[in-house]
Structure formats: C-alpha cells, structure tokens
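Asks: Can you keep this structure in mind? I'll have questions shortly.
The values are calculated or read from the model by the stated rules, or taken from the named source; none is laboratory data. Just so we're clear, the structure is a prediction, and the values are computed from it rather than from any experiment. Methodologically, a virtual Cβ is constructed for each residue, glycine included, from the backbone with ideal geometry; neighbour enumeration extends over all protein chains shown.
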Amino acid sequence: MQSQQDKSGLSDADLARAAQKGDMGAFEELVARHRDKIYARAYSMVRNEEEALDLSQEAWVKGWQRLAQFQGEASFATWMTRIVINLCVDELRKQKRLRAESIEMLEGESGGVERYMPVTMPNPAAGLERTELRRRIDRALDQLSAEHRTVLVLHEFEGLGYREIAGHMGCSIGTVMSRLFYARRRMALLLAGLKRENEE
Amino acid sequence: MNDHLELNLELELQAWLDGELSAPKARRTDPKIVGDEEASRLITEMQAIKSALAGNETARTVPEPRAMYWSKIERQIQRQAPGPRPVQTPRQAVWS
C-alpha cells in the first residue's frame, strides 16, 4: 500500500517509464488513474457494460505487452485509448455489427434514409439543461448503428480526423465521410424526436 | 434546385465544417454556402449537432472496485504476457 501512495505523486510519463522496466506497481497506478476513461470509451462504442468491462481490461493487458512501443509522443492516456478503440472495432467486426464496406457503399449509392430527411430544426438541442442534453445524446447513441456510432464517437468525442478514423476502421476516407454525414443527420432527427416527445 | 443537395456537395460541406478541406478548396466552398439556402440550413444543423456533442459525452465509471478490476488484468498479464519482465514483490514471489 505504501508503494502505491509513493507512486501517486509520479507523473504518467514517470510511471510509464517505470512500468517499461517491469514495475507492475507503476502500471497498476496507471490503470487506476485512467481505467474510467478507457472503460467509458469502450462503452461508448459497444454499448454494453459487461463487454466494455472485458474489452477495457483486455486493452490494459495489451498495453502492458506493448509498453516498449510507448515512446511518449502522445500522452499515455491517448496511447491507451487508441488500443481500446482498435479492440472495440475488432470486436464489433467479429460480431458483424460493423458491416463490410461494400455493403455500406451500396447503401450510400442508393441513398440512406437519413439523406432524404428534411433539415430538422435549427438546433434540436437548444434550451436543454446540460444533464438532460447528455441523457438524450446517450439515448440517441444507443439507437445509431454501430458504424454510425463509431465514426461519431471517434470524431466528436475522441477528436480524430477522417484519415485517422479510416485507419482505425479499416475503410476509405470516403466511407468515413458518408458514415459521419448519415450519423449526424440521424442524430439530429433523434434529438429532435426526443425533444418533441418530451414537449408533448 | 433539388430539395436535396448532391451527396458530393453534402460531404464537401461537412468536410468544410470539420476543417478537413485544404485552404484553396475551402475558399472555393465558401460561396456555395453563402449562395444556397439549403446548404446553409444543412450547415446549421450539422454545426448544432457538433456543438451539442462537444463535451457532452456521459461520464462512466468502471462498475467494479479498483482491486477487483486490477486483479483480472494482473492475472491475464501473468498468464500470457511477454511484456516488460514484472518486478517481483515479496507477496508475489514463488518459493520452490
């Protein structure tokens, strides 16, 4: 316990260096610091508590195994987040919740239903208290397809650019763009619907 | 104009909004937004969604105590890891 208290004063970079030398106590401190963030990212993608828990733990195991590759160009938390994102994408693909690009492209060419929706309202989130807005966003995310949710989460919450998302998802930039477009349109519709539902 | 913009234009507008266009391409896109009511509406909607999502991800915490969460990771590491060689603490030492 004493050693953990000592480690709590160390920076992530110091802990990562110690962990790279095999100090598992240092790695445990990193896990303790960032476990919520890594779990939350997994949950945002797979939308299931148990799966998110397993995937986040698997990510930490992978993180330990790949520690030698961590060079500190990005923060440790960012580096770990990339690992959990890749695991989630692989898992969604395994479960066939992420469809093959060719099917997505076919739908894109024929025009997804979102494309033909009228622009909803200037701002379907206007006037909402923050907690309520978060609750509605969360509900709406549950209703998006895995493809749409993944690009939206990676772009809007994780701040990744089109090219990086394409790399994680193993698809073209064009596919990322169309998925993001439909995801936003669907999200607008869902938030507007939830708003109307609440007003009635 | 058609009620719906061409898909390529819609994606171009989105890329413009996301700052994914090169400066010359973005300059060429500007007038398309100014001069088209449907394009402006679409940009407004996408901007509203972008702003609504920014900083509004629901915070989630691991639904397990720290020790329980860590113990599964530690077990997995010890079972399969070639990684950095773990520093053995007296508690973990195996005496033969």
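Asks: Could you list, in sequence order, the residues of segment A:27-51 that are within 8 Å of chain B (Cβ to nearest Cβ) and of a type in the set (G, A, S)?
Replies: Hits for segment A:27-51 are A:A32, A:A40, A:S44.
Asks: Being touching a residue at least 12 places away in the same chain (Cβ under 8 Å), surrounded by fewer than 19 Cβ atoms within 10 Å (Cβ to Cβ) and more than 9 Å from chain B (Cβ to nearest Cβ) is the requirement here; does A:S75 meet it?
Replies: In short, yes.
Asks: Can you pull out the residues in segment A:40-66 that are in a helix (DSSP H, G or I) and of a type in the set (S, T, N, Q)?
Replies: A:S44, A:S56, A:Q57, A:Q65
Asks: Still on this structure, I have one more. Looking for whichever is of a type in the set (G, A, S) and modelled with pLDDT under 95 here; the options are A:G112, A:G161. Which one fits? Step through it out loud before you land on a result.
Replies: On the way: A:G161 fails: modelled with pLDDT under 95.
On inspection, the qualifying residue turns out to be A:G112.
Asks: Any idea which of A:M80, A:M24 is within 11 Å of chain B (Cβ to nearest Cβ) and not β-branched (V, I, T)? Break it down stepwise before answering.
Replies: Details: A:M80 fails: within 11 Å of chain B (Cβ to nearest Cβ).
Result: A:M24 is the single residue among A:M80, A:M24 that is within 11 Å of chain B (Cβ to nearest Cβ) and not β-branched (V, I, T).
Asks: Out of segment B:19-53, which residues are in contact (Cβ under 8 Å) with a residue 12 or more places away in the chain and within 30 Å of A:E132 (Cβ to Cβ)?
Replies: Passing the criteria: B:L42, B:I43, B:M46, B:Q47, B:K50.
Asks: Still on this structure, I have one more. Out of all the residues in segment A:9-18, is one or more in a helix (DSSP H, G or I) and at pLDDT below 95?
Replies: no
Asks: All but one of (1) facing chain A (nearest Cβ under 10 Å); (2) over 19 Å from A:R163 (Cβ atoms) hold for B:I33, so report the exception by its number.
Replies: (1) is the only condition that B:I33 fails.
Asks: Let me ask another. Would you mention how many residues in segment B:55-65 are more than 7 Å from chain A (Cβ to nearest Cβ) and closer than 15 Å to A:L128 by Cα?
Replies: Counting residues in segment B:55-65 that are more than 7 Å from chain A (Cβ to nearest Cβ) and closer than 15 Å to A:L128 by Cα gives 1.
Asks: Just checking, does segment A:120-129 include any residue being assigned to a helix (DSSP H, G or I) and modelled with pLDDT under 95?
Replies: Among the residues of segment A:120-129, not one is assigned to a helix (DSSP H, G or I) and modelled with pLDDT under 95, which makes the answer no.
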